[in-house]
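K.L.:
First the structure, which I've put down as structure tokens, then a few questions once you've had a look.
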Amino acid sequence: MSDAEPIRLQKFLADAGVCSRRAAEALIAQGEVWVNGTVATLGQKITPGVDKVTSSGKPVRSVAQPRVTLAMHKPRGLICSNDDPHHTETIFTVLPREFARFRFFCAGRLDKESEGLVILTTDGALAHRLMHPSNVVVKRYCVQLKQPFPRARIPLLLKGIVIEGERLKVERAFLVGDGGPVEASTQLDVHMHHGKKREIRQLFTVLGYDVKRLKRYQIGSFPLRGIPLHAVKQLSTKEIDLLFRVPPATRPARPKPATSHD
């Protein structure tokens with residue numbers, strides 16, 4: 001017999017690190033969640049340790065995971081996915097051994113060819129907060145182009161472009177130079193708080209510029225600085241709070257250039 005109290009199925013899935021509660025509700029509605037061999041229903045309660053739950057055909061462990069949040073310095077060449085049949089190497093396969101037993105999901109992905117700061121967490125509610133568009137979580141990127149980008153074209157980045165009915169744009173953009181103000185540069189400091197798939201790359205491509213390297217160096221007021229390439233840092237409660245802290249409105253200090261040694 002289990003002494004556990006019945007809880008809602010979506011909370012059970014979130015506590016187990018499968019996904020956020022909202023995403024769990026979607027999985028249940030799609031018929032992807034089963035309880036004791038029967039398709040689950042929205043609002044259903046289960047007893048942890050007694051009822052057998054599967055999600056997308058995989059058993060869900062009944063013991064809730066501890067809340068662990070990591071900041072990773074993602075290298076190029078790895079994808080942000082738990083399960084991709086076309087890529088055996090992911091950010092999850094290079095996690096340190098002490099974290100390999102947990103099920104993390106990625107709160108804000110970077111594409112395969114991009115690098116920099118990625119947040120991994122077992123906390124479904126935290127992941128939802130970081131990714132939901134209603135929360136203004138500012139992300140900062142160092143963009144290195146193959147061609148110099150003129151200062152006069154920065155307003156086009158701020159206005160954005162419409163692709164397939166969606167407007168792609170950035171909130172702020174600065175040219176980065178070695179000295180004082182420059183009129184054109186191959187390197188930009190770009191800020192955005194939404195971030196659709198490959199949005200920055202698509203935006204520059206449509207404007208006629210090829211992205212050579214793309215590195216996310218800050219989320220909110222939490223910087224990548226000090227985390228070596230491939231490494232992770234377990235975040236404290238104060239550091240997690242920094243992710244949601246809006247950076248100063250003034251222009252930031254010049255980010256470290258994306259070099260071959262990063």
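K.L.:
Report, ordered by chain and residue number, the lysines lying within cross-link reach of LYS45, taken as a straight Cα distance under 16 Å and ignoring same-chain residues fewer than 8 apart.
P.N.:
The qualifying lysines are LYS11.
K.L.:
Quote the accessible area belonging to LYS45 in square angstrom, nearest 10, computed with a 1.4 Å probe and with ligands, DNA and RNA left uncounted.
P.N.:
It works out to around 120 Å².
K.L.:
Related question: Which Cα, out of LEU224, ILE163, TYR209, lies furthest along the positive dipole direction of the chain (beta carbon charges, K/R +1, D/E -1)?
P.N.:
TYR209
K.L.:
Still on this structure, please answer the following. What value, in deg cm²/dmol to 500, does the helix sum -39500 (n - 2.57) over DSSP H runs of n ≥ 4 give at 222 nm once divided by the residues of the chain?
P.N.:
Taking each H run of at least 4 residues, the total per residue is -4500 deg cm²/dmol.
K.L.:
Here are some values of volume of the Cα convex hull per residue in Å³: [x] 118; [y] 129; [z] 153. Which one was computed from this structure?
P.N.:
[z]
K.L.:
Moving to a separate point now. Taking a 24 Å limit on the Cα-Cα distance, which of the listed pairs LYS58/LYS197; LYS139/LYS212; LYS169/LYS212 fall beyond it?
P.N.:
Too far apart for the 24 Å limit: LYS58/LYS197.
K.L.:
A follow-up question, please. Order the following by accessible area, largest value first: MET131, MET72. Probe radius 1.4 Å; ligands, DNA and RNA are ignored.
P.N.:
Solvent-accessible surface, decreasing: MET131, MET72.
K.L.:
On to the next question. How large, in percent, is the carbon and sulfur part of the accessible surface of the range 126-249 at a probe radius of 1.4 Å?
P.N.:
54
K.L.:
Would you kindly find the accessible area of TYR141, with a 1.4 Å probe and non-protein molecules such as ligands, DNA and RNA excluded, rounding to the nearest 10 Å²?
P.N.:
10
K.L.:
How big is the charge dipole of the range 23-133 about its Cα centre, in debye rounded to the nearest 20, if each Lys and Arg gets +1 on its Cβ and each Asp and Glu gets -1 on its Cβ?
P.N.:
Around 320 debye, computed over the range 23-133.
K.L.:
For the pair HIS193 and GLU98, what calculated FRET efficiency results from E = 1/(1 + (r/R0)^6), where r is the Cβ-Cβ distance and R0 = 51 Å, to the nearest 0.05?
P.N.:
0.95
K.L.:
How much accessible area does ASP123 have with a 1.4 Å probe, in Å² rounded to the nearest 10?
P.N.:
Here the accessible area works out near 30 Å².
K.L.:
Please calculate how many Å² of accessible area the chain carries per residue, with a 1.4 Å probe and no DNA, RNA or ligand atoms counted.
P.N.:
About 54 Å² of surface per residue is accessible.
The values are calculated or read from the model by the stated rules, or taken from the named source; none is laboratory data. Keep in mind that what you see is a predicted model, and the values were worked out from it rather than measured. In this analysis, Cβ positions are derived from the backbone assuming ideal geometry, glycine residues included, and neighbour counts consider all displayed protein chains. Note: accessible area is taken over every heavy atom of the protein model, side chains too, but ligands, DNA and RNA are not part of it. Shrake-Rupley method; radii C 1.70, N 1.55, O 1.52, S 1.80 Å.
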